[in-house]
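The block underneath contains the structure these notes are about, expressed in structure tokens.
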Amino acid sequence: MSQPLLALTMGDPSGIGPEVLVRAAATPPAGCRLVALGDREVLASAQARFAPELRLVEREAPEAVTGEPGLLEVLHTGALGEPLVVGQVRAASGEAACQAVLQGIGWAREGRVAGLVTAPLHKEALAAAGYTWPGHTELLAERSGAGEVAMMMVGDRLRVVLATIHCPLAEVPGRLTVAAELRAMRLAHDGARALGVRAPRIAVAGLNPHAGEGGRFGTEELEVIAPAVAQARAEGLSVEGPLAGDTVFLAAVQGRFDVVVAQYHDQGLIPIKLEGLDRGVNVTLGLPFVRTSPDHGTAFDRAWEGTADPGSMRRALEVALELLPAQES
């Protein structure tokens, strides 16, 4: 039986995506085949500059990918349409990056690739190209037809699921509902199990200082989070919370919990990124296929200099492989 095929999208070509892609592909994990999606010329330039030990070969379809060692196999998903401009927001770069992801989603939904590992997009470049998705998660959710999705960040010692994702901080309280909290807890449970935790212990962070201090510092804990925790427990999930956001991650690192539900983007991502940008991985839970991504952005200030660390991209490949058995069952 052939090894599973993971598709690597090139990300925004004006950033570090092509570099981390080709460097990660040069030392792939065992047990899979890889194919790069993007502009063939951009990927050829990145391969020649950052992974000269590879030989680039263009394929016509996912079924033609061999997985032969020493090859960077590429599926051309659309040309950039202008000379590459490094380190700047460009509509053409946003378009080319998005087309790679959209094509990958189509092939994943058809079962022609087993999963996607996506290099970083730039939100301003997406908007300049005319797209309204604020990031990968929302794009993937809409185009895959997924009902409920969540972002899970996976570090060396932490797993964090976000109740809200890309929205202004001022909008977070209004977006926190019992249904949103339950979605995050259920997906956290399923995500942790997919990563090998047999009986996940879930911690739910509070929104306000000291988890609201009994309503003195806010009522979201009393009115939304606690009722959702009670309902999750009634469903059989092992959940504790709301817990103070300033200590819950320490408790998880110390082994008390397997996964933390954070209430907003930075509450969850700051502790993950403290573990190291070379190890964090973004997983989209709830999709009909596996999707992972490195836990960093496009890094325009370091683009095409040969200094980008491919560690998070390599780890994203490893996590994708860990998730495949659960997705296929």
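The values are calculated or read from the model by the stated rules, or taken from the named source; none is laboratory data. All values derive from a computational prediction rather than experimental measurement. Here the Cβ is made from the backbone with ideal geometry for all residues, glycine too, and neighbour counts use every protein chain on show.
In the range 93-104, what count of residues is obtained for those that are buried (at least 24 other Cβ atoms within 10 Å of the Cβ) and within 30 Å of residue 30 (Cβ to Cβ)?
Residues in the range 93-104 being buried (at least 24 other Cβ atoms within 10 Å of the Cβ) and within 30 Å of residue 30 (Cβ to Cβ): 4 in total.
In the list 38, 94, 67, which residue meets the criterion of being on the phi > 0 side of the Ramachandran plot, in contact with a helix residue (DSSP H, G or I) (Cβ under 6 Å, 6 or more places away or on another chain) and not polar (S, T, N, Q)?
Within the list 38, 94, 67, the selection yields 38.
I'm trying to understand the selection: among the residues of the range 196-211, which are of a type in the set (A, V, I, L, M), touching a helix residue (DSSP H, G or I) at 6+ places or on another chain (Cβ under 7 Å) and either without any contact (Cβ under 8 Å) to a residue 40 or more places away in the chain or farther than 16 Å from residue 158 by Cα (or both)?
Residues satisfying the conditions are 207, 211.
What do you reckon, is residue 28 under 21 Å from the mean Cα position of the chain (by Cα) and at pLDDT below 95?
Yes: the conditions hold for residue 28.
Are there any pairs, at least 6 apart or on different chains, whose C-beta atoms fall under 7 Å, with the first in the range 48-61 and more than 16 Å from residue 107 (Cβ to Cβ) and the second of a type in the set (S, T, N, Q) and surrounded by 12 or more Cβ atoms within 10 Å (Cβ to Cβ), and if so, which?
54/47; 56/47
For the range 246-256, state whether one or more residues are under 20 Å from residue 150 (Cα atoms), assigned by TED's automatic domain parsing to the domain that holds residue 191 and acidic (Asp, Glu).
No: the range 246-256 contains no residue that is under 20 Å from residue 150 (Cα atoms), assigned by TED's automatic domain parsing to the domain that holds residue 191 and acidic (Asp, Glu).
Just wondering, is there one or more residues in the range 79-92 that are farther than 14 Å from residue 113 by Cβ, within 26 Å of the chain's Cα centre (by Cα), buried (at least 22 other Cβ atoms within 10 Å of the Cβ) and among the small types (Gly, Ala, Ser)?
No, there is no match, as no residue in the range 79-92 is farther than 14 Å from residue 113 by Cβ, within 26 Å of the chain's Cα centre (by Cα), buried (at least 22 other Cβ atoms within 10 Å of the Cβ) and among the small types (Gly, Ala, Ser).
Can you tell me which residues in the range 299-314 are assigned to a helix (DSSP H, G or I) and closer than 13 Å to residue 119 by Cβ?
Scanning the range 299-314 gives 312, 313, 314.
Yes/no matrix, rows are residues, columns are (1) of a type in the set (A, V, I, L, M, F, W, C); (2) under 20 Å from residue 97 (Cα atoms); (3) without any contact (Cβ under 8 Å) to a residue 12 or more places away in the chain; (4) not assigned by TED's automatic domain parsing to the domain that holds residue 114:
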| site | (1), (2), (3), (4) |
| --- | --- |
| 3 | no, no, no, no |
| 24 | yes, yes, no, no |
| 27 | no, no, no, no |
| 32 | yes, no, no, no |
| 44 | yes, yes, no, no |
| 68 | no, no, yes, no |
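Give the number of residues within the range 1-22 that are outside any loop (DSSP other than H, G, I, E, B), of a type outside the set (A, V, I, L, M, F, W, C) and within 20 Å of residue 322 (Cβ to Cβ).
1
Every residue in the range 278-298 that is part of a loop (DSSP other than H, G, I, E, B) and touching a strand residue (DSSP E or B) at 6+ places or on another chain (Cβ under 8 Å), please.
Matches in the range 278-298: 280, 286, 289, 295.
Only one of 214, 255 is without any contact (Cβ under 8 Å) to a residue 60 or more places away in the chain, among the small types (Gly, Ala, Ser) and under 30 Å from residue 310 (Cα atoms). Can you tell me which?
After applying the criteria, what remains is 255.
What tally of residues in the range 99-130 results from selecting those that are under 22 Å from residue 83 (Cα atoms) and touching a helix residue (DSSP H, G or I) at 6+ places or on another chain (Cβ under 6 Å)?
Qualifying residue count, the range 99-130: 7.
Restricting the range 270-314 to residues that are within 25 Å of residue 42 (Cβ to Cβ) and without any contact (Cβ under 8 Å) to a residue 40 or more places away in the chain, which is surrounded by the most Cβ atoms within 10 Å (Cβ to Cβ)?
311
One residue is enough: does the range 200-223 have a residue meeting the conditions within 28 Å of residue 289 (Cα to Cα) and assigned to a helix (DSSP H, G or I)?
Checked against the condition, which is being within 28 Å of residue 289 (Cα to Cα) and assigned to a helix (DSSP H, G or I), the range 200-223 yields no hits at all.
Against the condition within 18 Å of residue 192 (Cβ to Cβ) and buried (at least 21 other Cβ atoms within 10 Å of the Cβ), how does residue 241 come out, does it pass?
For residue 241, the condition - within 18 Å of residue 192 (Cβ to Cβ) and buried (at least 21 other Cβ atoms within 10 Å of the Cβ) - is met.
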